[in-house]
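The values are calculated or read from the model by the stated rules, or taken from the named source; none is laboratory data. All values reported here derive from a predicted model rather than from experimental measurement. Quick reminder, even Gly has a Cβ in these numbers, built from the backbone with ideal geometry, and neighbours come from all protein chains shown. Remember, those area values only see protein heavy atoms, side chains included, never the ligands or the DNA or RNA. Shrake-Rupley method; radii C 1.70, N 1.55, O 1.52, S 1.80 Å.
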Amino acid sequence: MDAAAAAAAKRVAIVGAGVSGLAACKHLLARGFLPVVFEAGDGLGGAWRHALPSTRLQTPASSYRFSDFPWPPAVAEEVFPRHDQVVAYLAAYARRFGVLEHVRFGCEVIAAEYAGAAAEEQVAAWDRWAGNGEAFGDGPGEWVLTVQHRGSEATQVYRFDFMILCTGMYSGVPNIPTFPANQGPEAFRGKVLHSTEYAAMGGAAAAELIRGKRVAVVGSGKSAYDTVAECADPNAGAGGPPCTMVCRSPRWMVNGGFVWGGVSIGQLFMSRLAELMVPHKPGEGIALRLLATLLSPLRWAITRVAEEYYTARIPMMREHGMVPRRSFAWAVSACRLGVLTERFYDRVAEGSIVIERARSVAFCSDGLVLDAGGGAGERVVEADVVVLATGFRGADKLRGIFASPRFRSMVAVGPDNPAPLYRQCLHPRIPQVAVIGYSDSGSSMYHYEMVAKWVAHLLDGAVRLPAVAQMERSVAEWGEYARTHGGGGRDGEGPCVSAACTWFNDELCRDMGYNPRRKKGILAEWLEPYGPADYASIR
């Protein structure tokens with residue numbers, strides 16, 4: 001049997017048809033595999049399909065794209081395309097590379113169980129991943145997937161030699177805050193919903209729900225800003241009540257990606273030179289660690305300049321107490337940097353949005369009870385509708401797929417275990433399964449694509465894995481990096497590699513047999529951030 005026939009004979013399942021699932025399918029097809037993609041929804045795009053109408057990219061279009069598939073010229077002219085343009089781009093990508101015909105819509109994977117090779121205790125004790133360090137193992141091990149089809153209570157069982165989980169971190173299981181006893185949503189007489197429920201209602205229905213109502217949105221991330229703006233507009237023109245944003249921990253939200261007209265945030269914080277200043281990178285030697293320490297004053301100075309620049313550019317941040325406590329560099333490292341919703345502070349100035357700061361939030365019958373701390377006492381924000389824009393628990397959604405309690409516990413994410421996956425995609429002791437989209441970076445699309453390329457090379461035999469013990473040492477190093485830089489175990493999500501993204505991609509390139517230094521000229525190599533085009537030749 002030749003290599004192409006051998007690849008086609010292997011049964012590979014991909015769970016999810018969002019950005020990471022499409023990338024995984026495309027690169028497996030390019031290497032001769034014929035994967036099956038299970039998608040619970042009725043279309044491509046994952047979380048992008050259910051975004052608010054005003055949602056735009058958080059990353060410039062030049063960076064948020066697949067390496068071998070540019071944006072259409074008309075869209076490429078926009079710095080931050082709309083969510084519907086992102087969905088159209090993903091659909092075009094799927095058509096162009098033959099992905100669409102491999103997707104089964106309306107098929108939700110409700111359980112995955114490993115069977116056939118050995119007992120779970122024996123599997124967990126293997127010295128080599130999957131028994132022999134290869135993608136498909138050296139025995140009869142397989143994944144048994146239970147799939148429920150839309151519109152039916154019946155389930156169907158499928159068997160695969162390898163499974164790739166692309167379930168994402170920003171949908172599925174809402175992150176609902178913990179409230180004091182008897183002070184949760186059950187104490188409120190009005191309506192409480194999560195921002196994902198609000199977005200799923202559609203523009204007309206959502207506007208009708210809040211028209212003439214007192215609305216409070218709890219949250220401080222990008223979804224909170226977008227939701228507040230959406231909730232403010234229906235009442236603003238009709239003289240209705242303002243929308244209240246309840247914020248506990250402000251984040252850095254910028255109105256554009258450039259500093260001083262031509263120097264980008266990427267050049268300041270995500271170039272190779274900028275990465276030299278980041279300490280505790282996994283696998284760095286003593287010399288590089290010392291150099292990072294020596295350069296730390298320069299990184300601090302760059303951070304302070306960026307903070308002063310954006311605070312001066314958006315003066316209402318300081319006026320309304322929205323200057324973050326955490327540094328700008330921390331926001332980049334922890335994937336907590338966002339793009340400010342268009343005209344957000346204009347709405348604040350007009351009075352259609354009111355910002356309330358609070359150390360803690362609880363419910364009462366008439367709305368929300370806010371405690372600002374510092375002895376200021378409690379106050380009540382009256383509301384008819386409360387929207388919780390508090391993110392998702394992507395780790396819980398991922399864990400829920402595994403039928404085995406042992407495997408579920410292995411992929412638990414938290415402050416003490418922020419990066420449980422080797423190369424951000426393989427658990428050293430769970431065989432024949434990869435996860436793509438569990439970690440994040442400044443530009444998630446090409447980050448996911450790079451991991452998808454690595455997984456495709458692994459399945460094709462082009463990547464050889466080290467012993468499990470060595471894989472676990474690498475996992476521990478990335479876990480320590482995530483803990484140090486604030487990007488691990490955040491709200492039940494996976495780690496962020498943003499400030500060490502090129503360092504991480506260098507590891508992937510070396511594994512796949514490619515030169516990690518991919519730019520022309522030493523100045524470009526050190527001063528320009530890496531982007532999708534730099535990795536286009538890796539197939």
Measure of exposure for residue 201: accessible area at 1.4 Å probe, Å² rounded to 10, is 70 Å²
Using alpha carbon centers only, the range 444-515 is separated from the range 112-153 by a whole-angstrom value of 22 Å
Listed by chain and number, the residues whose amide H is under 5 Å from that of residue 392, excluding neighbours fewer than 5 places away on the same chain and using placed H, are 175
Quick calc: nm separation of the 7 Å Cα→Cβ label points for residue 34 and residue 211 -> 5.3 nm
Semi-axes a, b, c in Å (a largest) for the range 226-279, each sqrt of 5 times a Cα gyration tensor eigenvalue, come to 38, 15, 7
Diffusion coefficient in µm²/s returned for the range 55-130 by Stokes-Einstein, Kirkwood Rh over C-alpha pairs, 4 °C and 1.567 mPa s, is 80 µm²/s
Measure of exposure for residue 316: accessible area at 1.4 Å probe, Å² rounded to 10, is 40 Å²
The correct ranking of 247, 364 by accessible area at 1.4 Å, largest first, is 364, 247
Share of accessible surface on carbon and sulfur in the range 171-328, whole %, 1.4 Å probe and ligands ignored, is 59 percent
Cα-based Rg then Dmax for the range 295-410, in Å, read 19.4, 54
Heavy-atom accessible area of the range 77-143 with neighbours in place, 1.4 angstrom probe: carbon+sulfur share in percent works out to 46 percent
Here the averaged projected area of the range 361-443, based on the convex hull of its alpha-carbon atoms and given in nm², is 9.4 nm²
Computed curve, the range 1-117, Cα-only Debye sum without solvent term, log₁₀ I(q)/I(0) at 0.16, 0.22, 0.23 Å⁻¹, is -0.80, -1.23, -1.30
By the rule of no other cysteine beta carbon under 4.7 Å, the lone cysteines of the chain are 25, 107, 166, 247, 364, 425, 501, 509
Nearest 10, in degrees from 0 to 90: the angle of helix 83-96 to the longest Cα principal axis of the chain is 20 degrees
The whole-number value in µm²/s of the Stokes-Einstein translational diffusion coefficient for the range 426-539, with Rh from the Kirkwood sum over alpha carbon pairs at 20 °C and 1.002 mPa s, is 142 µm²/s
Measuring from the longest principal axis of the C-alpha atoms of the chain, the long axis of helix 19-30 (C-alpha) lies at a number of degrees, nearest 10, equal to 20 degrees
The correct ranking of 526, 300, 48 by accessible area at 1.4 Å, largest first, is 300, 526, 48
Per the range 173-213, sqrt(5λ) over the Cα gyration tensor eigenvalues, sorted largest first, in Å, gives 23, 14, 5
Probe 1.4 Å, heavy atoms of protein chains only: per residue, the accessible area of the chain in Å² is 41 Å²
For the chain, percent of DSSP beta bridges that are antiparallel (nearest 5) comes out at 50 percent
With +1 at each Lys and Arg Cβ and -1 at each Asp and Glu Cβ, the charge dipole magnitude of the range 230-371 around its Cα centre, to the nearest 20 debye, comes out at 680 debye
Only helices counted: for the chain, with every DSSP H run of 4 or more residues adding -39500 (n - 2.57) and the sum spread over all residues, [θ] at 222 nm is -10500 deg cm²/dmol
Packing-ranked peptide list from 132-139, 173-180, 275-282, highest mean Cβ count within 10 angstrom first, is 275-282, 132-139, 173-180
Computed curve, the chain, Cα-only Debye sum without solvent term, log₁₀ I(q)/I(0) at 0.12 Å⁻¹, is -1.21
PRE zone check, label point 7 Å out along Cα-to-Cβ of residue 69, amide N under 18 Å, scope the range 505-539, hits 532-539
Percent of all alpha-carbon pairs of the range 131-182 at distances over 16 Å, whole number, is 67 percent
Of 83, 447, ordered by accessible area with the largest first and a 1.4 Å probe, the sequence is 83, 447
For the range 270-327 the trypsin sites (Lys or Arg not before Pro) that pass both the DSSP coil test and the at-most-11 other-Cβ-within-10 Å test are 325
